[in-house]
Each structure stands twice: as C-alpha cells, then as structure tokens.
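S.K.: Before I ask anything, here is the structure I am working with.
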Amino acid sequence: MIEGRPGLWRRLQSPRAKLLVWWIGCGVALLLALRAVSSLDWGAIRNSWLFLLTGLGRSWLLAIISILAGGLAAAPLALARVYGPPGIRQAAIALIECVRATPELMIVFWVYFTLPIVTGNQVSSWNAALGSLSVIAAVYLAEVFRAGLYSVPRGQIEASAATGMSALATFLYVVLPQAVRNMVPALIAQLVGLFKTTSLVYAIGVMEFFRSITVTNNAVFAPYELYLVLALGYFVSCFAITRVVRWFDPKYQLLE
Amino acid sequence: MDWHILWEYRAALFSGLVVTVWISALGIAGSTVVGVVIGCLGSTPSFYLRKLTSAYTELLRNLPLLVKVFFFYFVLSMPTIPAALLGLVLHQSAYIADVTGAGLRSVARGQLDAGLALGHGYWQVFRYVILPQAVRIVIPPMTTQYVAVIKNSSIVALIAVQDLTYQTQEINVETFRGFEAATAATVLYIVVALTVIGSMTLLQRRVLTR
Amino acid sequence: MGTKCRALARGAVASLILAGVMFAGAAPLRADPTLETVLKRGKLIAGITYDSPPSGYLDAQGNVLGYCADVARYIAKRLGVGLEFVQITASSRVPLLRTGRIDAEIAITTPNKVRNEVVDFTYSYISDNGVLLVREGQSTSVADYYSPSKVIGSTQGNGFVASWKIQHPDAQFKLYPEESSVIVAVKKGDVDAVLTNEFSAHRFAQSGGLAVTAPWTTSPDSIMVRHDESKWRNWLNWALQRMWVEGTLQKLYKKWYGIDVNFRMGDAGEIQPRVTEIGQTDDPWKDLPPGFLDALLGDKSYTLP
C-alpha cells in the first residue's frame, strides 16, 4: 500500500495544528473581551492614568527594595540554618518557621501599629511597608538560599575536600557560584510573589497601585473600568517577569 | 505592657479564632478539591485540556489574592464570606493544581507504560498504581499550601469579616494596646498552622506504613 | 510525635526570641518639643485624611484638597516652614501621632475621653454632626436603624462606632479599613447604614444611590497633638483664634462646606484676650507672602507650595 499524505482529519490532530487551533481560540476570546470592554466608560479615568502608573511604579519599587533588603537579611539566616552550630541553627529555624507561619497582613500590622509604640521609634507607612515586606521576603529568601546551597551536588564538595581545599575556600569558590546560578529563577519568582504581596500594604495607607485605584474610585466612581486596570496592571507585570524566568530556565517549576 | 486586655477581650479573640478556623477549613477543602481536579486534568494526554488548565493556573497565579477577593466582593457584589472563600479557593487551587501535576509527573512514566502493557486500562493503572505513589509524594508541598491558606485567610479582615486579624485591629483601636493583641493573634495563628502541619505529618506516616 | 513536639518547641523558642527583641528595644514614647522640632526641621508634617471630602481628600490627580488641607497650608506658612502631608486613617491616626511620624493630625477627629487619655486636642475648628448614610429608598429615620437586625458599617477606629455602641449595645457592626470600602458595602447591601460625618455623607451621596438621615449626634472636630505638649497645643490654639479674628477660618469654612460657621471659636466660645499679640520666642507668626491668602481661598489652593 502506498502511503499517501494523511487525510485532513489526521493532519488536524498534529501538534502544530492543535497549537494553531488554540491560538485562534485565544484570539476569538480576546476579540470578544475587547468588544465587551469597549462598552465601558473609559473617559472617567483618562485623567488619572499618570497617577495610577505612579502607583504601579511604587508597588514595583517596594518589591525591588524589599527583595534586596530581605536578601541581605536572609543570607546570614540561611547560612546559620545550613552551616551553623546546633544552638544557632535551632534559633534560625525557629525564627524562620515562626515568621513564615504568621499571616503577611499580620506582619504588616505589626510593623506599622505595634512595633513603633514598643520601640519608641517613628515609622512612616512607606518605611513600615518596606520593613514588613523585607521581613516577609527575608524568610522566603532564606529558604531559597537554603535550597540553592543544597542544590550543589555533594560530589563537588567531596572532590574539593579531596584536593585539599579548605572548607571556606570550598564554600566561596565551588558551592557559592553554582548555588547562585541555580537560584536565579527562584529569586525572580520570589520578586513576583513579593510584588503581589505589596497589595497588602494598601491597608496601612501606602499610595501604591492598589490604593491609587481605590482613591481614584473615590473621586470618579468607575469601579468596572478601574478594576480592569487593576487586574491588567498586576497580571501583565507578573506574567512578563515569569516569562523571563521561563526563558532562563524552561524546566523551572514556580511554586512560590 | 498591659496583658490584662487579652483576658478582657478573650471573647473577641476566641470568636475571631473560630472564624479563622472555619474559613481556613473551608478554604483548604475547596481549594484541594478544585486544585486536585485541575491538576489531574492537566496531566491527561489531551492537548487542549493541558492548555486550558495551564491558562487557568497562569491567570490566577499572576493576580494577587486581594485583587481576586475585591473582584468578587466589589465588582461582582457577592456577599463577604462567599466572595472571600471563592477568592481564597481560586487562588490556592492554582498552586495546588501545579503541585498535583508535579506529583503525578514525578511518578515514573514507566509505571504507566508497564501497567498499560500488562493489559490494564488507563483509569485502572491511574487508580491503583499512580495515585497511591503520587499521594505520598504530594503531601509535603500540600502542607505548605494548607499553611498558606490559613495565612491568606487573614485577607478577609479587609472586607470586614470578623476573623482573628480583624479582632486584633478592633482591640488596637479601642484600647491602643495593639502589641498585646497582635502577639496573641500571632501565637494563635501559629497554633492553627502547627495543628495542620501535625495532622498532615500523621497522615503521611499512615500512608507510608500502608 | 517527635516532629510535632519539635515544631511546638520551635514555636515557643521563636516567641521568646521575638518577645526578647521587643522588650530590649522598649523605650518611652517621644517627648521632644514639637514646636522646636518643626521649626528646626523646616517642615510641618501634618496628618490628613485622604477619603473624607470635603474636609480632607484626594482628587483623581492625587492633589490633596479640603478644608483641613488648607488650614494646614495656612499654619505651615505662618510657621514659615514647608509642609508635608501624611495620610491617616481612623485606625492609624493615634499611633502615627504617638510615634512622632506626624506633628499634628489636622483632620476630622472628635475629642473623647478614651482618646484624651493618650493624646491632646485643640479647640474645635469644625462643627460637624454624626449621621447615617443609607441606600436610596431606605428609611431616612435614624430610629429605624436602632434594631440589631440592621448592620451598621463604618471604618475601624471611627469615634461614632463607640458612641453608637454605648447607645445600642447589641448593634451589629461591620468595620472596614477605609471609607471607600464602606461606601461600596452600603451600596451593595452588605451594610444597611454607614456611620459617618454629615459633611462627608452629603458628598458621598452625590455619587448616586445614597441618602443621608438627620443627625443623631454632634461631632466637633479638633486638631490632635501629642500628650503634654502645651507649647505646641497653645500655639495651634492661638493660630486658630487668629485665623478666626482675621476672618480666614470663616472664609475657608464657607469655601469648603458651603455654609457659614455654625460654632464659636475659643474658650467658652470667646476669643482669648490678647491672643493676637505676637509673643516673643515661642510664638512664630510669619507674614504671609503676597497673594497667598487669595490663592488659599481660591480654587487651586492645592498648587500652593
């Protein structure tokens, strides 16, 4: 029997055809959504786009600064947890687990309302937001660092010891570079997670994206349009960054 | 430090704890059901199912929980508890779906082929070979997700559901003793989380010794 | 069992560590003299609400508008310092003030005993009332909302809540972190009535679908300052009285609230004798730049530096 070109039905079942059908479906859905959306009154918020964009920028700023500050705090925590002597290791574990089990909103309220009264120091809502987000970032980054340190194969450490390298040299020149390389996707994923968490600081009055939306709603009362902008702002930001991560490391599973 | 207010407000703290436990329990149950179903659907050979489930998880994971809850509460005008629960369930189910999918995939593919080669049907292999192994693998990450549900339940305080976080704020504004209230609430949250972690560990032991 | 015990032990150790850190850093609240601090810093940091039109609110471009904002601008100019606004909410105003983040809370706070135990107040500069904001079509008689079957909404930390609770101990409340959430809640029916002040209620009702009841209580509002700061509080009281003598306060009141002042300023409703005499050192009272007063009373007062 001569093998001719497969029939149309078989061709439609090939992966490329399926992908095409999927994208056509997405396009149709997008067109329908645009039609529904265009019937809303966008003029109401035309004046506020700069204000909202500033809010979005502030959210990102909060996330980036907190990741950096949190990273600085997380490094000693992670080192204490992996390499520390038994007493310090338990304390580090206890601190990390305790903060991880506390709701993020609770941490935000803590740092803003209660910490200042106890310590007598003033704290603005921006600083309180940074502080609480850094604390949240620190505990999750401590776990990321720990996973990174563990991800270096044991064989490497043993080989270094066999060639006579000291423990410190092994850590600095063998473990650390590989650990950092393995950690980059997870770090960017934590940034995305923290960016989403910045929406919580709306509760203490920081004029970030979420709050700028509510304030604009107070002024012009256009909840549907503003909500769409809100969802789009967060979705596009997070989606773009996660795509970048996936470009770096296609197999990475983002479970943050 | 005036710890007496904790005793004075014990009824408020207790009722807040009850609300938190209820919402967390319903959230855990709901998100597990939805998440596991979506995760299983995402592991089928069907191309479209996999694409749809990945679109679902992508959409829900790139939006903060607060945005989802506010959507249901303010835009769709649902009452508070259903809006909060729906937001919570949708949020966590996306993560649980990924966890389930990863768990199913990590069971060696050879098991599926071996089972099929022995003449069993796809669903039979799934039920008796893959599922038990997957359940064992999936329990630790599931525990993390459950603790996340408990923590995320505090969001409902922002739409005036009287959970533990809400009561903390109430005590703070009535007595200006927020520090004591926040400490008590944090300890209670940790207790709830530890209970869940403990039960899951017990469950894991049970499953392992089968 | 071992893992659970270890986890519990971890929690206990962590709590102890946390408590230790807290107590180690414990110190008395700020007691620096505010007037000197403001003058030295060259900037007045005023706490203001962003969601209580027309007293203090943000417009869609992020400008701070309102009666309280303009009073703050005037005060800063008389002190000869710059101005910075810090947003306050009902639940954050007292902590922000006590921890020194703001120098004064120039908003719509009513003095009551519980607050007076931790902060101090100046003379009233707004004479407001407490009303209920309800959905259009619902009863506008306050008595209809006494029953516990009606859900009352408000912001956390709102003084009206405490007063309502005293009169109706079995009332049901739903309290939100901020005003806009409460307004949306009443519109969609999650709460039956909102406890708020009359001036803001009328503004909110303009957005449609809402109605305002008659007042059920009075609500005189003052500027809030820290405890034991007589110098600062005195100066603010003098400033308010001088604004009154000048006529500026009445004009601002008319500009924002649309009515003539319905109260009297000062001790027992009388201006203190000799309050317009500028003191020597602890009484800064700079001249206003030319054109400032006109701009303040005009529409674009938010453009003032």
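The values are calculated or read from the model by the stated rules, or taken from the named source; none is laboratory data. Because the structure is a prediction, the values reported are computed rather than measured. Because the Cβ atoms are built from the backbone with ideal geometry, glycine has one as well, and the counts that use them run over all protein chains shown.
S.K.: Take the stretch A:77-90 and flag every residue that is surrounded by fewer than 19 Cβ atoms within 10 Å (Cβ to Cβ) and part of a helix (DSSP H, G or I).
M.R.: Initial filter on the stretch A:77-90 (surrounded by fewer than 19 Cβ atoms within 10 Å (Cβ to Cβ)): A:79, A:82-90.
Selection gives A:79, A:82, A:83, A:86, A:87, A:88, A:89, A:90.
S.K.: Can you pull out every residue in the stretch A:38-72 that is in contact with a Gly (Cβ under 9 Å, 6 or more places away or on another chain) and away from every other protein chain (no Cβ under 12 Å)?
M.R.: Across the stretch A:38-72, the qualifying residues are A:56, A:66, A:69.
S.K.: Would you mind stating whether residue B:113 is within 14 Å of chain A (Cβ to nearest Cβ) and charged (D, E, K, R)? Reasoning before the result, please.
M.R.: Values: within 14 Å of chain A (Cβ to nearest Cβ): no; charged (D, E, K, R): yes.
No: the conditions fail for residue B:113.
S.K.: If you don't mind, there's one more thing I want to ask. All but one of (1) modelled with pLDDT of 85 or more; (2) farther than 25 Å from residue C:94 by Cβ; (3) within 9 Å of chain B (Cβ to nearest Cβ) hold for residue A:210; which doesn't?
M.R.: Residue A:210 satisfies every listed condition except (2).
S.K.: Given the stretch C:64-178, what helices (runs of 4 or more DSSP H) lie entirely inside it while holding 3 or more residues that are away from chain B (no Cβ under 14 Å), touching a residue at least 12 places away in the same chain (Cβ under 8 Å) and touching a helix residue (DSSP H, G or I) at 6+ places or on another chain (Cβ under 9 Å)? Let's see the steps before the verdict.
M.R.: Working: elements: C:67-79, C:93-98, C:113-116, C:159-167.
So the answer is C:67-79.
S.K.: Could I ask something else about it? Inside the stretch B:159-177, can you point out the residues that are part of a helix (DSSP H, G or I) and not aromatic (Phe, Trp, Tyr)?
M.R.: First pass over the stretch B:159-177, keeping only residues part of a helix (DSSP H, G or I): B:159, B:164-175.
Of everything in the stretch B:159-177, those that are part of a helix (DSSP H, G or I) and not aromatic (Phe, Trp, Tyr) turn out to be B:159, B:164, B:165, B:167, B:168, B:169, B:170, B:171, B:172, B:173, B:174, B:175.
S.K.: Would you say residue B:165 is at negative phi and surrounded by 17 or more Cβ atoms within 10 Å (Cβ to Cβ)? Talk me through it step by step, then tell me what you get.
M.R.: Numbers: at negative phi: yes; surrounded by 17 or more Cβ atoms within 10 Å (Cβ to Cβ): yes.
So residue B:165 passes the test.
S.K.: Please specify each residue of the stretch B:181-210 satisfying the condition of being more than 8 Å from every other protein chain (Cβ to nearest Cβ) and touching a Phe, Trp or Tyr at 6+ places or on another chain (Cβ under 6 Å).
M.R.: Answer for the stretch B:181-210, where residues must be more than 8 Å from every other protein chain (Cβ to nearest Cβ) and touching a Phe, Trp or Tyr at 6+ places or on another chain (Cβ under 6 Å): just B:196.
S.K.: Quick check on the stretch A:168-184. Is at least one of its residues assigned to a helix (DSSP H, G or I) and touching a Leu at 6+ places or on another chain (Cβ under 6 Å)?
M.R.: The first filter runs over the stretch A:168-184 and keeps only residues assigned to a helix (DSSP H, G or I), leaving A:168-184.
From what is left, the residues that are touching a Leu at 6+ places or on another chain (Cβ under 6 Å) are A:179.
Within the stretch A:168-184, one or more residues are assigned to a helix (DSSP H, G or I) and touching a Leu at 6+ places or on another chain (Cβ under 6 Å).
S.K.: Let me ask another. Of all the residues that make up the stretch C:125-137, how many are in contact with a Phe, Trp or Tyr (Cβ under 9 Å, 6 or more places away or on another chain) and farther than 11 Å from residue C:214 by Cβ? Give the derivation first.
M.R.: Narrowing the stretch C:125-137 to residues in contact with a Phe, Trp or Tyr (Cβ under 9 Å, 6 or more places away or on another chain): C:125-134.
In the following step, the residues that additionally are farther than 11 Å from residue C:214 by Cβ were identified as C:125-128, C:133-134.
Here the count works out to 6.
S.K.: Now a separate question. Here is a list: A:186, A:167. Which entry is under 18 Å from residue A:138 (Cβ atoms) and not acidic (Asp, Glu)? Let's see the steps before the verdict.
M.R.: On the way: A:167 fails: under 18 Å from residue A:138 (Cβ atoms).
The match here is A:186.
S.K.: Could I ask something else about it? Report whether or not residue B:156 is touching a helix residue (DSSP H, G or I) at 6+ places or on another chain (Cβ under 7 Å), within 14 Å of chain A (Cβ to nearest Cβ), in contact (Cβ under 8 Å) with a residue 12 or more places away in the chain and not in a helix (DSSP H, G or I).
M.R.: When the stated conditions are applied, residue B:156 does not pass them.
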